[in-house]
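Take a look at the structure set out below.
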Amino acid sequence: MHDDPVTLMEYVTKVFMEVFAYPQEKAQQLMLEVHQTGRSIVWTGARERAEGHVQKLQGRHLIATLEPSPE
């Protein structure tokens with residue numbers, strides 16, 4: 001995930017809860033990391049599923065990219 005200057009933090013938290021089924025606390029922590037550092041890894045796993053998550057996030061007007069997992 002990448003930060004953007006427009007999207008409300010509450011909205012990002014809500015989307016993380018919907019897309020990833022994260023509890024509110026985890027969703028808020030990830031949202032704050034994105035907001036404070038400019039980006040964050042919000043999910044890791046199989047490529048096909050990751051592509052689906054990226055599409056869902058982008059469909060909700062968030063800036064999400066798919067990158068290889070650091071080894």
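The values are calculated or read from the model by the stated rules, or taken from the named source; none is laboratory data. On a predicted model such as this, the values are computed, not experimentally measured, just so you know. Here Cβ is always computed from backbone atoms with ideal geometry, including for glycine, and neighbour counts include all displayed protein chains. The protein model used for the area step is the full one, side chains on, heavy atoms only, and it has no ligands, DNA or RNA in it. Shrake-Rupley method; radii C 1.70, N 1.55, O 1.52, S 1.80 Å.
What to note about this one:
- Residue check for V6: of a type in the set (A, V, I, L, M, F, W, C), open to solvent by 80 Å² or more (accessible area, probe 1.4 Å) and not in a helix (DSSP H, G or I): yes
- Residue tally, condition open to solvent by 90 Å² or more (accessible area, probe 1.4 Å), within 20 Å of T7 (Cβ to Cβ) and not β-branched (V, I, T), over segment 36-62: 6
- Residue that is farthest from the chain's Cα centre (by Cα) [pool: residues in segment 10-22 that are open to solvent by 80 Å² or more (accessible area, probe 1.4 Å) and over 14 Å from W43 (Cβ atoms)]: E10
- Here L32 meets each of (1) in contact with a helix residue (DSSP H, G or I) (Cβ under 7 Å, 6 or more places away or on another chain); (2) free of Cβ contacts under 8 Å to residues at least 40 places away in the same chain; (3) open to solvent by less than 80 Å² (accessible area, probe 1.4 Å); (4) not basic (K, R) with one exception, condition (1).
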